[in-house]
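Below is one structure, written out as structure tokens, with a few remarks after it.
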């Protein structure tokens, strides 16, 4: 079943405007639990309470306080809050285009696929082709449902993707932190570590990795739900490792042996 | 156990929120995990009509009696109103010891990972008596510009991560699993059409005209939060609608200084673990699983 568009807008760059529809590119597969009351197995209710009196405060009487400093809050009315929100718009402004390997992975947040609007799919596919040809991605700014977003406009497999980016204030960069203390590795250790990395070098193959834990938990829930008492594995401790160089040497040997076996 | 309670706990924790081991071949590297992301939003609080900060409490839907944590359990709804109960211990035992290690299985060129996979960032700080193996892995990842790929189970969830190094520090990005990402076909995107060459050339010209060598952090400012904070400060100066609570810095409500905590973990380690690290480890082991847990939102008055 085709997904539903979550929003419609236009990519605006220079004098061009490309109408698009947004679709979430991610699918939530987490296992969702509910909190239940132990004795009744009914879902619980939650209320906001005045901790001094124990009195429940109905939601229409709750006000929002915003932190000015530790322990000090300032109340804002819904009208005042509204003032701080941006004007709604249908324009996704593309400010500039940067090389596609320039954006550090720490910025990417949520991906959306863009679909062409029926009225102008030619521009959509032309833009996707142009981005792939130039190996660049666009820096995008837009307001969606009263929220400001920054994002990266990319082409992937001939289609356009808009990936929201985290705000600068939300990210701690490695450059803000001190280098960890300790003795620098010696040449022998470096050389062996590089060999080991080389032996395990691969293309990124996401299909090689499955959420096996999620699968195990679901199987367990199903078994328990149909009245079985599933057996659980016994947890064991791992062994201690030897000296760094010995361990590296043994690791390289192991990888090579398994490679040879696969080839044979 | 309800989500909100957990979040408060996470914000207040001074140590790593998880401690574990990276396996690099047969080499074991003990590390602590710290979030590299924080909320940029101005911290908000629910206040009662007289300005009293409110707390969230949990009640029985049947009797309206307030429930202590030990009277709450976790259940999965297999059909309408039928739940399978799952305990912390069961979830723990479903994750065998080896699944909790970050076992680096592949080393890939970090630029080859499609950005659609990246989710959240973390820093890994060295733990234990020796930083030797940690520094070696960081040095080699930085030199080769590779990312070590692994999966591991942390507090009730399995993660796919890419470990890279920067400034001598190991960092990890959690990634989505492949089945969490939709394809154009899943969404029902239309068949590709070949655009007229002149249209494509036109867009290439626009791209070249607005080309820039790099992303600027100035473009990533959170303007909404900045405006909100400005308004809050204005009203505070006018002494308008100000509520002073008796919360102290370092209590659950004070946002921790992430950078300060990380600095402490990364520098000046003289073979002795800082106290907070040990405490954090024990605490993490006892803490309930952070699974998405829903609390019925229907208010009963």
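One decimal place: the segment residue B:88-residue B:41 gains 13.7 nm when fully extended, by the rule 0.36 nm per residue minus the C-alpha distance. Contact order, relative form, for chain A: 16 percent (alpha carbon pairs under 8 Å, 6 or more residues apart, mean separation divided by residue count). Computed from the C-beta positions of residue B:221 and residue A:190 and an R0 of 56 Å, the FRET efficiency is 0.90 to the nearest 0.05. Computed over the Cα atoms of the protein assembly as shown, what is the ratio Rg over Rh, Rh following Kirkwood? The Rg/Rh ratio comes out at 0.97. The slack in the chain from residue A:232 to residue A:205, taken as 0.36 nm per residue of separation less the alpha-carbon distance, amounts to 6.7 nm.
Computed over the alpha-carbon pairs of segment A:187-263, the distance histogram in 10 Å steps reads 14, 25, 27, 21, 11, 1 percent, short to long. Estimated translational diffusion coefficient (Stokes-Einstein, Kirkwood radius over Cα pairs, 10 °C, 1.306 mPa s) of segment B:91-241: 78 µm² per second. Among A:20, A:171, A:74, the largest mean-square fluctuation in a Gaussian network model of chain A (Cα springs under 10 Å) belongs to A:74. With Cα atoms as the point set, segment A:45-86 shows a radius of gyration and Dmax of 13.0, 39 Å. For residue B:246 and residue B:57, the FRET efficiency from 1/(1 + (r/R0)^6), where r spans their Cβ atoms and R0 equals 22 Å, is about 0.70. The order of the peptides B:113-126, A:138-151 by mean Cβ neighbours within 10 Å, most packed first, is B:113-126, A:138-151.
In the protein assembly as shown, the DSSP-assigned H stretches of four residues or longer account for a calculated mean residue ellipticity at 222 nm of -8000 deg cm²/dmol, using -39500 (n - 2.57) per stretch and the full residue count as denominator. Placing dummy labels 7 Å off each Cα toward the beta-carbon, the span from residue A:88 to residue B:234 is 2.4 nm. In plain terms, the bigger the Kirkwood radius, the slower the diffusion; for segment B:23-176, with that radius from Cα pairs, at 10 °C and 1.306 mPa s, Stokes-Einstein puts D at 83 µm²/s.
With the alpha-carbon atoms of chain A aligned to their principal axes, the span from lowest to highest coordinate is 68, 63, 48 Å, starting with the largest.
Relative to the globular-protein estimate of 2.2 N^0.38 Å, the Cα radius of gyration of segment A:122-264 stands at 1.68.
Bear in mind that the values in this text are calculations on the coordinates, not laboratory data. Every value quoted in this text rests on a predicted model; they were computed, and no experiment measured them. Reconstructed Cβ throughout: ideal geometry from the backbone, glycine too, with neighbour counts over all protein chains shown.
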